[in-house]
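Peer 1: Before I ask anything, let me first share the structure, which is written out below as structure tokens.
The values are calculated or read from the model by the stated rules, or taken from the named source; none is laboratory data. Every value quoted in this text rests on a predicted model; they were computed, and no experiment measured them. Cβ atoms come from the backbone with ideal geometry, glycine included; neighbour counts cover every protein chain shown. To get the accessible areas, we keep the full protein, side chains included, count just its heavy atoms, and leave off ligands, DNA and RNA. Shrake-Rupley method; radii C 1.70, N 1.55, O 1.52, S 1.80 Å.
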Amino acid sequence: MTEMWFLATILMLAGFTGYFAVKGVTPALHSPLMSVTNAISGIVIIGALITAGSAETQTVSFPGLAAIFLAAVNIFGGFAVSQRMLLMFKKKENTRPEQKGEKQ
Amino acid sequence: MIMHLISAAYLISAALFILAIRGLASPETARRGNVLGIAGMFLAIGATLFLPQIHNYALLLAFLAAGAAAGLIPAFKVRMTALPQMIAAFNGLGGLAAVLISLADIIAGSEMRIENTLSVIIGAVAFSGSVIAFAKLQRLLPAKPLVFPGQRLLNLALFLAVAGLGIKFVVSQEVNAFYLLTGGAIVLGFLLVLPIGGADMPVVIAVLNAYSGWAAAGIGFSLNNVLLIIVGTIVGASGMILSYIMTKAMNRSLSSVMLGGFGLNKEKDVSANGEERTVRTGNPEDAAFIMKNANKVIIVPGYGMAAAQAQHILRTMGNDLQQKYGVDVKYAIHPVAGRMPGHMNVLLAEANVPYEEVFELEDINREFETADVAYVIGANDVTNPLAKSDTTSPIYGMPVLEAGKAKTVFFVKRSLGTGYSGVENPLFFADNVFMLYGDAKKVTEEIVSVLER
């Protein structure tokens with residue numbers, strides 16, 4: 001019973017933390033925000049590793065293993081596509097010399 | 001001792017995830033943020049593998065590696081214009097993973113019936129809803145709302161059935177009820193997203209994003225894992241905030257978006273009330289001439305730019321105007337332009353537009369008055385002045401870009417049709433507005449060829 005309330009407290013605190021962290025995100029980066037949160041929601045892989053890794057029988061381990069695969073797709077794909085997007089956001093100074101080079 | 005180390009690792013990784021999101025506050029810190037997120041993930045996975053109850057490592061790592069490969073390949077290959085469907089697909093996989101974990105937990109005889117029921121329902125809806133969103137964005141299904149009579153009643157009935165099965169499972173511990181409700185929730189996800197049209201996708205994707213987070217949090221409760229609860233909740237909050245911002249930018253409620261069918265009852269001909277209205281058609285030659293003699297040009301991109309892949313040629317046009325003719329060029333983005341939050345920003349960034357030149361609606365709206373040219377490419381509803389004046393319009397109250405206030409406005413469009421909302425845009429008939437009919441990319445190419453002559 002106390003444990004349930006302990007977890008609920010964590011839920012509440014995480015909700016506020018998430019709210020304030022996300023509020024600070026610039027609208028220009030909303031797409032990367034979605035792919036980053038997508039990647040980190042792949043954290044369910046921990047649950048998958050625990051269920052599949054501690055399973056004694058095949059029937060239990062199969063859905064767990066499939067979940068490991070799916071969550072890994074999420075994690076690696078999500079972070080990779082975020083990094084690709086974020087690398088494209090450049091300041092003026094970085095793009096200028098390149099343009100001059102093209103012109104000459 | 002090892003348990004303490006693992007808990008400490010989880011604690012650090014939760015902090016790293018929060019810092020990863022904090023990093024996105026500005027493009028300068030965003031990349032570092034993403035790297036912190038990656039570090040947090042490696043730490044969490046690595047620590048989990050040290051749990052004493054875990055065995056058969058070979059199998060776990062094999063599936064992990066296979067998933068990594070399956071994720072990395074499309075992530076590096078995907079074109080930036082196809083990002084929305086990719087994000088939808090990833091959301092769906094996350095949901096499905098949550099479903100499978102709950103399933104495994106129940107098969108293993110878990111006592112956490114309420115927690116697993118909730119996470120399996122949310123995960124299933126996230127999964128199947130994302131499948132439909134993906135199919136619509138990928139054009140495997142028509143982008144327009146798919147509605148049929150009794151749809152909402154059917155959804156309601158199905159929802160009640162799923163809820164009923166959930167209660168039955170929790171009370172009677174009958175595992176079959178759990179399987180049934182999983183299937184029911186999957187069908188519910190399909191039905192929920194079918195009636196939602198293409199331009200509402202930014203909201204749908206944000207909502208599905210939130211669901212995949214809440215499903216993770218639910219699993220945290222069933223497995224008693226604090227890290228899952230923290231991360232899942234943060235992701236859930238993030239998706240909720242994004243969907244709130246998106247619906248706000250359309251002046252619609254979340255329920256009106258999620259019920260779907262928007263833009264179907266099109267008012268066919270508003271101009272039928274007698275008055276004769278003429279449209280001015282321009283050509284790329286004139287547009288190029290007017291823009292190169294302008295002091296300030298504001299470019300308003302919309303989904304049409306993405307569909308035509310016109311972002312690179314648009315950047316060339318902006319560059320030419322700036323460097324050859326000394327024109328002040330800015331880009332104005334409406335929050336719901338495109339098919340996901342921030343879609344236009346990513347495409348412009350891809351085309352090497354420095355982010356200092358890209359402005360959000362509230363930061364640039366006052367500048368249209370002082371602009372010589374507004375170049376609206378593939379956008380319509382987000383510039384419609386009726387949103388301000390016509391209280392009966394379905395888009396009334398939606399904040400719009402006041403492109404019409406520029407001295408001259410060019411609309412690059414395929415035809416004079418209405419936008420997604422089905423509302424006619426009176427700007428098309430204004431004196432200072434010229435239509436440039438054609439494909440967004442082709443028209444801009446022609447302008448560039450004149451500019452570079």
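Peer 1: Let me spell it out: the conditions are (1) within 7 Å of chain B (Cβ to nearest Cβ); (2) open to solvent by less than 30 Å² (accessible area, probe 1.4 Å); (3) out of contact with any Pro (no Cβ under 8 Å at 6 or more places or on another chain), and A:Met34 meets all of them except one. Which number is the exception?
Peer 2: So the condition that A:Met34 fails would be (3).
Peer 1: For the range B:334-343, give me each residue that is at the interface with chain A (Cβ under 8 Å from one of its Cβ atoms) and either under 19 Å from B:Arg366 (Cα atoms) or outside any loop (DSSP other than H, G, I, E, B) (or both). Step through it out loud before you land on a result.
Peer 2: Our first condition is that a residue be at the interface with chain A (Cβ under 8 Å from one of its Cβ atoms); within the range B:334-343, this holds for B:335, B:340-343.
Residues satisfying the conditions are B:Pro335, B:His343.
Peer 1: May I pose another question? Just name the residue that is surrounded by the fewest Cβ atoms within 10 Å (Cβ to Cβ) out of those in the range B:207-226 that are over 19 Å from B:Ile106 (Cα atoms) and within 7 Å of another protein chain (Cβ to nearest Cβ). Before you say what the answer is, go through the steps one by one.
Peer 2: Step one: list which residues in the range B:207-226 are over 19 Å from B:Ile106 (Cα atoms), which gives B:207-213, B:226.
Still in the list and also within 7 Å of another protein chain (Cβ to nearest Cβ): B:209, B:212-213, B:226.
Working: B:Asn209: 31, B:Ser212: 34, B:Gly213: 32, B:Val226: 17.
The residue in question is B:Val226.
Peer 1: So B:Ala98 ticks every box in (1) open to solvent by less than 10 Å² (accessible area, probe 1.4 Å); (2) of a type in the set (Gly, Ala, Ser); (3) within 22 Å of the chain's Cα centre (by Cα); (4) more than 14 Å from A:Ile45 (Cα to Cα) but one. Which box is left unticked?
Peer 2: Condition (4) is where B:Ala98 drops out.
Peer 1: All but one of (1) open to solvent by 10 Å² or more (accessible area, probe 1.4 Å); (2) within 7 Å of chain B (Cβ to nearest Cβ) hold for A:Gly78; state the number of the condition that does not hold.
Peer 2: Failed condition: (1).
Peer 1: Return yes when B:Leu180 is open to solvent by 10 Å² or more (accessible area, probe 1.4 Å) and assigned to a helix (DSSP H, G or I) and no when it is not. If you could, list the steps in order and put the result at the bottom.
Peer 2: Working: open to solvent by 10 Å² or more (accessible area, probe 1.4 Å): yes; assigned to a helix (DSSP H, G or I): yes.
Judged against the criteria, B:Leu180 is a match.
Peer 1: Pick out the one residue from B:Glu356, B:Glu369 that is over 17 Å from B:Tyr303 (Cα atoms), in a helix (DSSP H, G or I) and either in contact (Cβ under 8 Å) with a residue 12 or more places away in the chain or open to solvent by less than 10 Å² (accessible area, probe 1.4 Å) (or both).
Peer 2: B:Glu369
Peer 1: So B:Gly150 passes all but one of these: (1) within 22 Å of A:Asn38 (Cβ to Cβ); (2) open to solvent by 20 Å² or more (accessible area, probe 1.4 Å); (3) out of contact with any Gly (no Cβ under 8 Å at 6 or more places or on another chain). Which condition number does it fail?
Peer 2: Evaluating B:Gly150 over (1) within 22 Å of A:Asn38 (Cβ to Cβ); (2) open to solvent by 20 Å² or more (accessible area, probe 1.4 Å); (3) out of contact with any Gly (no Cβ under 8 Å at 6 or more places or on another chain) leaves (1) as the failure.
Peer 1: Here is a follow-up. Given the conditions (1) part of a helix (DSSP H, G or I); (2) closer than 30 Å to A:Leu29 by Cα, and given that B:Pro195 satisfies all but one, which numbered condition is not satisfied?
Peer 2: (1)
Peer 1: Given the conditions (1) at the interface with chain A (Cβ under 9 Å from one of its Cβ atoms); (2) surrounded by fewer than 17 Cβ atoms within 10 Å (Cβ to Cβ), which single one is not true for B:Gly71?
Peer 2: For B:Gly71, the exception is condition (2).
Peer 1: Among residues belonging to the range A:1-31 that are of a type in the set (Ser, Thr, Tyr) and more than 8 Å from chain B (Cβ to nearest Cβ), point out the one that is most open to solvent (accessible area, probe 1.4 Å). Show your work before the answer.
Peer 2: Of all residues in the range A:1-31, those of a type in the set (Ser, Thr, Tyr) come to A:2, A:9, A:17, A:19, A:26, A:31.
With more than 8 Å from chain B (Cβ to nearest Cβ) added as a condition, the list becomes A:2, A:9.
On the way: A:Thr2: 119, A:Thr9: 67 Å².
Once the filter is applied, the top-ranked residue is A:Thr2.
Peer 1: Sticking with this one: Restricting attention to the range B:17-46, and to residues there that are farther than 30 Å from B:Pro354 by Cβ and open to solvent by 10 Å² or more (accessible area, probe 1.4 Å), which single residue is nearest to the other protein chains (Cβ to nearest Cβ)?
Peer 2: The residue in question is B:Ile45.
Peer 1: Please work out which residue is nearest to B:Asp200 (Cα to Cα), limiting yourself to the range B:400-453 and to residues that are crowded, with 16+ Cβ neighbours inside 10 Å and small (Gly, Ala, Ser).
Peer 2: Filtering first and then ranking leaves B:Ser421.
Peer 1: List pairs: first residue in the range B:239-261 and closer than 24 Å to A:Pro32 by Cα, second residue of a type outside the set (Gly, Ala, Ser) and open to solvent by 40 Å² or more (accessible area, probe 1.4 Å) anywhere in the structure, Cβ distance under 6 angstrom, at least six positions apart or on different chains.
Peer 2: Going by the 6 Å Cβ cut-off, the qualifying pairs are B:Thr247/B:Leu254.
Peer 1: Please work out if B:Ile229 is away from chain A (no Cβ under 14 Å) and assigned to a helix (DSSP H, G or I). Step through it out loud before you land on a result.
Peer 2: Working: away from chain A (no Cβ under 14 Å): no; assigned to a helix (DSSP H, G or I): yes.
No; evaluated as a whole, the condition is false for this residue.
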